[in-house]
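Have a look at the structure below, then the notes.
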Amino acid sequence: METTSRQFRQLSRHALEQATLQHSLDGVREIMPRIRAAALAERGDFDALCDRARDIRERTLRQLDSYLEAFERRVQAAGGTVHWAATGEEACRIVAQICRDAGAERLIKSKSMVTEEIELNAALERDGFTVTETDLGEYIIQLRGEKPSHILAPSLHVTLDEVAETFHQHHDIERSGPLTNATEMLAEARSIMRDKFLQADVGITGANFLVAETGAAVIVTNEGNADLTASLPDTHIVVTGIEKAVPTLDDVGVLLRVLARSAIGERLSNYTTFVHGPRRDGEASGPANYHVVLVDNGRSEMLGTEFQDMLRCIRCSACLNHCPVYTAIGGHAYGSVYSGPMGAVLTPAFAGLPAAAHLPNASTFCGRCEAVCPVRIPLPSLLRRWRQRELNARPVMDGQRFGLGLWRWLNHWPPAYSLAIRCAARVLRRLSVPGRGGQRWIRRLPLLGAAWTDCRDLPAPPGRTFQDEWRRRRS
Amino acid sequence: MSSSAAARDSILQAIRRARAGADAVPDAPPAYRTPAALLGGIEQFCAYAGEEAATSEHVGRMEDVPPAVLRYVTGQGLAMRVVVAADLDLDAAVWAAAQPLQITGGPVERDGDTLVTGCYAGVAEAGALIMLSSSGVPNEAKFLAATHIAAVRAVDILPTFEALWTRLRGDFTDRWPRTMNWIVGPSRTADLGVPSKLGAHGPARVHIIIIDA
């Protein structure tokens, strides 16, 4: 997986300076937690559902081979073909071959993070195919040559004016008209997309779940684009990760309940589609050819390791929407198609730790990601494990290792620790000035501390340490 | 051995290696039971579909569907032509009651048509219409139409997903329908800002006619 995660510091600094991006991220920060909370409030059993969802995903991962084989048997019995791809390149080759065998030229796609991960579009375009994304957000960023900045809302960073500008650049301007508002832009996109749907030779979708019991690929969208992608062309290809298997329909029901509520604060997405295979005798329409490409690309290597819990992820994006780091810098700063806390765990696994070493460090460990995760992935613990590995892999002593070493030494010598924090508490108190709410604030810190106070004030400590206060109350 | 077959072996082996030595997997618990306080019926179905911008109305009998379609089409100012899917068990004579509405058997044109279908079931907990692919209805029609009117019998409105699974397992023991589409209100997108805009790719209007008898 290609990433630009090495440039995380520069990219995040750039993101902080982009006013339009900051405006979009304000929206995420203000709206998404509120609508999720409202959706949960109605469902008194949400915690129990999350426990159940975690158990389903955990149980599946521990028997993943048998559920994948059961799914495969079901698809084959229904007339479909299942392909296995150990790497992203293999998956791209398989999809290209299916398209060539179908004599295809024009391909349409619905949004799929796995196909972003394996860079399927670029591979297919290199092979001469024309690929059109049909999710509106994906279509916008495809025209702009950009990567998704959010796993559910890929064009989050693009303003309405920029959408209009993009459509004008790529569509027939005479026909499009001025495109002054969202309604006109939607009508424009709908009309352009109809042609693409009706002319396509192959439709490519992802899958949210693969049901071992029935052989269904379950695809969730709000736009309905996946349904048209899966219905109109003569060939339908599902490309998805091996970890998407679930045992039964009952399990899918539980996961769907937590997915839409966590993702968009709704009971269910507008369209949930269960696809069981190709067109049958007597049916008036539907694809004659049906293929499922199961992509490993590093997933099986995570099984049985300290990162296995990450494979429970159902890509709801709640961890992004609640992360103080993601909502400050957006997705592009992560340099990976997976961003936010889930991306900071997945990217080192898929792209290698050296390429993504900054990402696990981009967390305050506030714990909101774990608190809102519907499958209870211990994201801060997983991030911490990557940090440990990254720190241990550093060949030389640097500032961070020196600082952590000093901290460790202090913690092993209680008198020194006590003296150090007593001094620090007093110095910080002296540096502070009275501020809002009766609280004292530090406006400017010297040396390394300036990195904090350049952007925001630091609440001043009370001047006494916890140990002093403890002693005072006991005496 | 093809590359896919080799990949299959290597992936399954990697999964089995990872599992080696792990504790036995506990048996799956029984199906999830929604607490009684959350269980709803037709009222909940209509309310939840309504919150997702679908509209609904009740009629007494199947024969009352055509006049209801006429009322809706007239009320919305839509073209007086509807495509009626073959899964709706109504003969031409009954549709005569909906004149001057023009009735066709399809197909749904590029865009802008009104489609009238039946419905396998409804699920109250999500306000969802459950549609199955069949020989009588091209599946894409439900997504190409600009307006979708779906008639569902009140007895087919189930409280939960689990009730739906039970019914599906009873009706299709081994050969599952090729596709099953769950539809909650009109198609929408949030990619052009909040609030979501209706009619992204599929219908911009969804109207549900509940047949009480």
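The values are calculated or read from the model by the stated rules, or taken from the named source; none is laboratory data. Keep in mind it's a predicted model, so treat the numbers as computed, not measured. Cβ atoms come from the backbone with ideal geometry, glycine included; neighbour counts cover every protein chain shown. Please note that ligands, DNA and RNA were not included when accessible areas were found on the heavy atoms of the full protein model with its side chains. Shrake-Rupley method; radii C 1.70, N 1.55, O 1.52, S 1.80 Å.
Enumerate the pairs (first residue in segment A:391-419 and within 29 Å of A:Asp468 (Cα to Cα); second residue anywhere and open to solvent by less than 60 Å² (accessible area, probe 1.4 Å) and among the small types (Gly, Ala, Ser)) with beta-carbon separation below 9 Å, excluding pairs fewer than 6 apart on the same chain, so at least 6 apart or on different chains. Close Cβ pairs (under 9 Å, with a partner that is open to solvent by less than 60 Å² (accessible area, probe 1.4 Å) and among the small types (Gly, Ala, Ser)) amount to A:Trp409/A:Ala416; A:Leu410/A:Ala416; A:Leu410/A:Ala420. Residue check: A:Leu49 meets all listed conditions (1) touching a Phe, Trp or Tyr at 6+ places or on another chain (Cβ under 8 Å); (2) surrounded by 22 or more Cβ atoms within 10 Å (Cβ to Cβ); (3) aliphatic (A, V, I, L, M); (4) part of a helix (DSSP H, G or I) but one, namely (2). The helices (runs of 4 or more DSSP H) found wholly in segment A:69-141 and carrying at least 1 residues that are out of contact with any helix residue (DSSP H, G or I) (no Cβ under 7 Å at 6 or more places or on another chain) and over 23 Å from A:Cys313 (Cβ atoms) occupy A:88-101, A:120-126.
Among residues of segment B:168-180 being at the interface with another protein chain (Cβ under 9 Å from one of its Cβ atoms) and surrounded by fewer than 18 Cβ atoms within 10 Å (Cβ to Cβ), the one that is modelled with the lowest pLDDT is B:Asp174.
If you take the residues of segment B:181-206 that are open to solvent by less than 10 Å² (accessible area, probe 1.4 Å) and part of a strand (DSSP E or B), which of them is farthest from the other protein chains (Cβ to nearest Cβ)? Once the filter is applied, the top-ranked residue is B:Val206. A:Ser262 passes every criterion in (1) among the polar types (S, T, N, Q); (2) over 17 Å from A:Leu383 (Cβ atoms); (3) in contact with a Phe, Trp or Tyr (Cβ under 9 Å, 6 or more places away or on another chain); (4) more than 14 Å from chain B (Cβ to nearest Cβ) apart from (3). So which residues in segment A:16-42 are in contact with a Ser or Thr (Cβ under 9 Å, 6 or more places away or on another chain) and either surrounded by 15 or more Cβ atoms within 10 Å (Cβ to Cβ) or not in a helix (DSSP H, G or I) (or both)? Across segment A:16-42, the qualifying residues are A:Leu21, A:Ser24, A:Leu25, A:Val28, A:Arg29, A:Met32, A:Arg36, A:Ala39, A:Leu40.
Return a yes/no flag: does segment A:362-374 have any residue that is in contact with a Pro (Cβ under 7 Å, 6 or more places away or on another chain), open to solvent by less than 30 Å² (accessible area, probe 1.4 Å) and assigned to a helix (DSSP H, G or I). Before you say what the answer is, go through the steps one by one.
As a first pass, look at segment A:362-374 and keep what is in contact with a Pro (Cβ under 7 Å, 6 or more places away or on another chain): A:363-367, A:369-370.
Checking the rest, the ones that are also open to solvent by less than 30 Å² (accessible area, probe 1.4 Å) come to A:367, A:369.
Now narrow it down to the ones that are assigned to a helix (DSSP H, G or I): A:369.
Taking every residue of segment A:362-374 in turn, at least one turns out to be in contact with a Pro (Cβ under 7 Å, 6 or more places away or on another chain), open to solvent by less than 30 Å² (accessible area, probe 1.4 Å) and assigned to a helix (DSSP H, G or I).
Please indicate, with yes or no, whether at least one residue in segment A:222-236 is among the polar types (S, T, N, Q), at the interface with another protein chain (Cβ under 10 Å from one of its Cβ atoms), surrounded by fewer than 24 Cβ atoms within 10 Å (Cβ to Cβ) and not in a loop (DSSP other than H, G, I, E, B). No, the conditions are met nowhere in segment A:222-236.
Can you pull out every residue in segment B:145-167 that is touching a residue at least 40 places away in the same chain (Cβ under 8 Å), open to solvent by 10 Å² or more (accessible area, probe 1.4 Å) and either touching a Phe, Trp or Tyr at 6+ places or on another chain (Cβ under 8 Å) or within 19 Å of B:Pro66 (Cα to Cα) (or both)?
We begin by selecting, within segment B:145-167, every residue touching a residue at least 40 places away in the same chain (Cβ under 8 Å); these are B:145-154, B:157, B:159-160, B:162-165, B:167.
If we keep only those that are open to solvent by 10 Å² or more (accessible area, probe 1.4 Å) too, we end up with B:146, B:153-154, B:157, B:159-160, B:162-163, B:167.
Answer for segment B:145-167, where residues must be touching a residue at least 40 places away in the same chain (Cβ under 8 Å), open to solvent by 10 Å² or more (accessible area, probe 1.4 Å) and either touching a Phe, Trp or Tyr at 6+ places or on another chain (Cβ under 8 Å) or within 19 Å of B:Pro66 (Cα to Cα) (or both): B:Ala146, B:Arg153, B:Ala154, B:Ile157, B:Glu162.
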